[in-house]
Amino acid sequence: MYLIIQGGGVETTDLKHLAKLAGANGIEQISPEAFRLRNAAPAAGIAEACAKARLDHAFVPEDRRLADFRLLVMDMDSTLITIETIDELADMVGLKPQVATITAQAMRGEIEYDESLRCRLALLKGLDESALVRVYDERLPLSPGAERLLAQAKNHGIKTLLVSGGFSQVTDRLKSRLGLDYTYSNKLGIVAGKLTGEVLGRIVNADAKRDELIRVRDELRIDRGQIIAVGDGANDLKFMAEAAVSVAYRAKPVVREKAVHAINYVGLDGILNLFN
């Protein structure tokens, strides 16, 4: 196994200490903020040492190659982008604290997702649809490393799927901007230019996200072993479970516990270092 160490400032002393704990026999620099420890083995103290030094760590098979994968599936809010879209919409009508509280509870798995979305959208009833344009244009930064991750996926022939409990007015624009292959998200009810406070059709919840991954997987005629999935909230766990490599990106504790890998300190392009 390789032990991958990543962080904003990786100290030589920390690397040597981790190599000793893991019984590694070599240290190789991958990038300015990532290192590969060769012939490493899991051992007590590694997770604690990395947490103390604010470093991401992951044990990965030596023969895991990015070129062997065929589908990258990602969540949008707080994963591909740094914001929660619905919270920013709420901010435009002075309701961000109320809506953000419900969002956080849903992402931690404390309340059922469908109920949380209905409650939040009801608060936004009557909001002008132009607010969606403003959120995209004014408040939607991509997560660090997002464009590099997607570019490398494309270079390796990997298809990209964005599954989101957010809204098609945002995911459609991201699809065009980033060259995504597939997007799947909620469609907002809009009448006379105003939000109705409802979703048209099926709510994109945890089950819907998983089902869309399976649909695309079957369309591409690939299997679980060729899928990478990235998410941050409880409603991402079901689709992440359908992937051989699942990554919790700056995620809630329940997601970090169940994912194969967790990234807390580096950008999305840190995922690339988990593969040869």
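The residue that is farthest from the chain's Cα centre (by Cα), counting only those in segment 101-110 that are of a type outside the set (S, T, N, Q) and more than 21 Å from Leu188 (Cβ to Cβ), is Glu110.
Being surrounded by fewer than 21 Cβ atoms within 10 Å (Cβ to Cβ) and under 25 Å from Ile102 (Cβ atoms) is the filter here; which residues of segment 242-251 pass it?
Arg250
Checking Gln98, Gln29 one by one, the residue that is surrounded by fewer than 19 Cβ atoms within 10 Å (Cβ to Cβ), of a type outside the set (A, V, I, L, M) and closer than 30 Å to Leu188 by Cα is Gln98 and no other. Taken together, Leu117, Leu72 contain a single residue that is in a strand (DSSP E or B), within 22 Å of Leu213 (Cβ to Cβ) and either touching a residue at least 24 places away in the same chain (Cβ under 8 Å) or of a type in the set (Lys, Arg) (or both), which is Leu72.
Within segment 50-69, the set of residues being surrounded by fewer than 17 Cβ atoms within 10 Å (Cβ to Cβ) and assigned to a helix (DSSP H, G or I) comprises Ala51, Lys52, Ala67, Asp68. Residues satisfying the criterion are present in segment 152-162 (criterion: assigned to a helix (DSSP H, G or I), under 30 Å from Arg221 (Cα atoms) and free of Cβ contacts under 8 Å to residues at least 24 places away in the same chain). Among the residues of segment 205-239, those identified as among the aliphatic types (A, V, I, L, M), buried (at least 18 other Cβ atoms within 10 Å of the Cβ) and touching a Leu at 6+ places or on another chain (Cβ under 9 Å) are Ala206, Leu213, Val216, Ile227, Ile228, Ala229, Val230.
Quick note: the coordinates plus some simple rules give every number you see, no bench work behind them. These figures come from a predicted structure and were not determined experimentally. We place every Cβ from the backbone using ideal geometry, glycine too, and count neighbours over all the protein chains shown.
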